[in-house]
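**Student:** The following block contains the structure, expressed as structure tokens.
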Amino acid sequence: MKEDTTPRIHPGIEQAQAQLQQGRISRRDFLRVATLLGASLPFASVLAACGGGTTTTAPPPVEPVAPAEPTPGAIKRGGVLRVGIAVQAVDHPARFSWTESANAFRHVFEYLTETDENNITHPLLLESWEASDDLTVWTLKLRQGIKWTNGDELVADHVRYNFGEWLNPDVGSSILGLWEGFLTIDGVEVIDDYTIRLNLNAPKLDVPENLYHYPAVIMHPSFNGDVKTGTNPSTGPYTLTEYVVDERAKFTRRDDYWQLGDDGDPLPYLDAVEFIDLGTDRTSYVAAMQTGAIHTMYEPNVENYLSLRDDPNIVVYSIDTSQARVLRMRVDQEPWNDNRVRTALKMCQDREQILSVAYNNEGLIGHDVHVSPVQPEFAPMDDPVYDPEGAKALLTEAGFPDGLSFNLSVGTGWADVVAYAETLQQDAQPGGFNITLDTMPNNAYWDIWTETTVGITPWTHRPLAVMLLPLAYIADEAGSPVPWNETRWVDEEFSTLLRQAQGTLDIEARRAIMADLQRIQNERGPVAIAVWQRVWEVFNPAFQGVVAHPTLHNQWLRVWYDPDLDPRA
């Protein structure tokens, strides 16, 4: 009998479709679930439009990801995109701790998947994936024929090599936290040259998204340990031709990249992308935008946004995110091991004031939990109130009737962080806190971000809360905090519920678990989150096909340059 090779439809897709038809989840939430479980976006869109039951038609083949669709016939090739951004010291990509580094090297190396501006995850180096009904076995299919720059074909053994790096505690990668308790290298099985099977120890729903965690670029097994040398084989659309820390980097177009443009020739459309480091003074980037010395800048803050939004020669794109400046306290150091002290500090945040002063009211109110209203599993919460009298009473109860003085580590290159810290410094005084701001350049803060006792750490956007929480609030199998657990907070009840949430596909059920997780972190957690940020992309209008990505990832494969639209040309 001939084998049936029709792709299966995961039962979780059928369940989500029924919830969509009943009005219990949104169309966007349905598309997230369906694509997560292996349906292509076109097929998931068909299912979302169906008025009845699920169709039995097989999903169409997955097409290469296309983050932005330029106008047919209008595309022009050539041009160099100049980017104002920090050019950071790096070595192993698995140890990337900031988006700037990943943005540089995502032009050269690639991920197995890619999450777009709508938080929908697509295959990239993968052709497709399939999850078992219980979410414990994930089968990943590589695209065939993708060549490294050294001529080797990308195969499953190369992917397993990368999992070995990610899951090795000695490497020190944050990726380990995403898989802790779910996957060891023994569970990564090579089936054939193009098939990898992940045999998990427990159900996990966010596997495709985790494959796009920004340190998870795929490296050739011959990786020499230093990503910035430009000598490592790569699969991406550009090659690294220059990298000078704190100064500049250049990425030059490959002629034989595996994805094709709308004109039938290999992508990318641009000839090169140049990174230009203008230091920590953000006003220098704004000035460079206004003169045309650069065409875009990384992470414009609210002051930059206000300076550029009315400039007729600049286009501004915006989006709400789960990005936050996290006021974090190390619970292994006194007095922050006392939850009353931590709670008192949280109560001293005047959130409306912080949103106004630091963000010009551009953002969403936070609830001292690392789960954002833009994430699908967020359980609605009442906004916390500013209560300095209550804070003072808690400090007295904790043994500080005369108040408490402490130093707060602050990176001065983030103007909004400084404004947040200064606002808190003033508003916390009636609550009994005397805060001294220990200011430093951003790179100095990054040197101590996991070690300082109290600091404000920028955390970037994640499409799902169950991707973010394991990075920062759990322990490894030996009981030690995972690499990015900067607070050292590990709560047994929280960890148990988080593990349950990570394996719960149903959005409503996951949201119910998340309500308990949020309550626990709000009541006894180590972080204060006053505001969720809105982010902006600012561009010279000659660059077409640009979208705002909530994580500010450079997804510029199909961006192209029209010199006729360049006001600075």
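The values are calculated or read from the model by the stated rules, or taken from the named source; none is laboratory data. Nothing here was measured: the structure is a model prediction, and the numbers come from that model. When we count neighbours, we look across all protein chains shown, and the Cβ atoms used for this are built from the backbone with ideal geometry, even at glycine.
**Student:** Only one residue in LEU178, LEU183, LEU198 is assigned to a helix (DSSP H, G or I), within 23 Å of ALA501 (Cβ to Cβ) and of a type outside the set (Val, Ile, Thr). Which one?
**Tutor:** Values: LEU183 fails: assigned to a helix (DSSP H, G or I); LEU198 fails: assigned to a helix (DSSP H, G or I).
Of the residues listed, the single one that is assigned to a helix (DSSP H, G or I), within 23 Å of ALA501 (Cβ to Cβ) and of a type outside the set (Val, Ile, Thr) is LEU178.
**Student:** Turning to a different aspect of this structure: Can you pull out every residue in region 419-457 that is β-branched (Val, Ile, Thr), buried (at least 18 other Cβ atoms within 10 Å of the Cβ) and in contact with a Gly (Cβ under 8 Å, 6 or more places away or on another chain)?
**Tutor:** ILE456
**Student:** Further question on the same structure: From (1) under 23 Å from LEU36 (Cβ atoms); (2) crowded, with 17+ Cβ neighbours inside 10 Å; (3) not β-branched (Val, Ile, Thr), pick out the condition that doesn't hold for GLU100.
**Tutor:** Against the list (1) under 23 Å from LEU36 (Cβ atoms); (2) crowded, with 17+ Cβ neighbours inside 10 Å; (3) not β-branched (Val, Ile, Thr), GLU100 comes up short only on (1).
Each row is one residue, and each column tells you yes or no for (1) of a type in the set (Ser, Thr, Tyr); (2) exposed (fewer than 13 other Cβ atoms within 10 Å of the Cβ).
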| residue | (1), (2) |
| --- | --- |
| VAL227 | no, no |
| GLY230 | no, no |
| THR235 | yes, no |
| TYR243 | yes, no |
| ARG248 | no, no |
| ASP256 | no, yes |
| LEU260 | no, yes |
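**Student:** Looking at TRP484, TRP536, which is the one that is touching a helix residue (DSSP H, G or I) at 6+ places or on another chain (Cβ under 8 Å) and closer than 30 Å to ILE314 by Cβ?
**Tutor:** Only one candidate qualifies: TRP536.
**Student:** Additional query: How many of the residues in region 264-299 are in contact with a Gly (Cβ under 9 Å, 6 or more places away or on another chain) and in a loop (DSSP other than H, G, I, E, B)?
**Tutor:** 14
**Student:** All but one of (1) part of a helix (DSSP H, G or I); (2) of a type outside the set (S, T, N, Q); (3) under 23 Å from SER174 (Cα atoms) hold for ARG510; state the number of the condition that does not hold.
**Tutor:** ARG510 satisfies every listed condition except (3).
**Student:** Do we find a residue being under 29 Å from PRO300 (Cβ atoms), outside the structural domain of THR283 (by TED's automatic domain parsing), at pLDDT below 95 and of a type in the set (A, V, I, L, M) anywhere in region 394-412?
**Tutor:** Looking for residues that are under 29 Å from PRO300 (Cβ atoms), outside the structural domain of THR283 (by TED's automatic domain parsing), at pLDDT below 95 and of a type in the set (A, V, I, L, M), one finds none in region 394-412, hence no.
**Student:** Filter region 262-282 for residues that are at pLDDT below 95, under 25 Å from GLY84 (Cβ atoms) and surrounded by fewer than 19 Cβ atoms within 10 Å (Cβ to Cβ) and give the result.
**Tutor:** Of everything in region 262-282, those that are at pLDDT below 95, under 25 Å from GLY84 (Cβ atoms) and surrounded by fewer than 19 Cβ atoms within 10 Å (Cβ to Cβ) turn out to be GLY279, THR280, ASP281.
**Student:** With in contact with a Phe, Trp or Tyr (Cβ under 6 Å, 6 or more places away or on another chain), at negative phi, touching a residue at least 60 places away in the same chain (Cβ under 8 Å) and hydrophobic (A, V, I, L, M, F, W, C) as the only criterion, which of VAL482, VAL371, VAL417, VAL466 stands out? Full working, then the answer.
**Tutor:** Working: VAL482 fails: in contact with a Phe, Trp or Tyr (Cβ under 6 Å, 6 or more places away or on another chain); VAL417 fails: in contact with a Phe, Trp or Tyr (Cβ under 6 Å, 6 or more places away or on another chain); VAL466 fails: in contact with a Phe, Trp or Tyr (Cβ under 6 Å, 6 or more places away or on another chain).
Within the list VAL482, VAL371, VAL417, VAL466, the selection yields VAL371.
**Student:** Pick out, from region 307-414, the strands (runs of 3 or more DSSP E) lying fully within it that include 3 or more residues that are touching a strand residue (DSSP E or B) at 6+ places or on another chain (Cβ under 7 Å) and surrounded by fewer than 21 Cβ atoms within 10 Å (Cβ to Cβ).
**Tutor:** In region 307-414, 315-329, 404-411 are the strands (runs of 3 or more DSSP E) which contain 3 or more residues that are touching a strand residue (DSSP E or B) at 6+ places or on another chain (Cβ under 7 Å) and surrounded by fewer than 21 Cβ atoms within 10 Å (Cβ to Cβ).
**Student:** Further, regarding this structure: Here is a check on your reading of the model: is ASP476 on the phi < 0 side of the Ramachandran plot, modelled with pLDDT of 95 or more, touching a Pro at 6+ places or on another chain (Cβ under 8 Å) and outside the structural domain of GLY172 (by TED's automatic domain parsing)?
**Tutor:** no
**Student:** Restricted to region 161-202, and to residues that are under 22 Å from the mean Cα position of the chain (by Cα) and among the polar types (S, T, N, Q), which residue is surrounded by the fewest Cβ atoms within 10 Å (Cβ to Cβ)?
**Tutor:** Per the stated criteria, the residue is ASN168.
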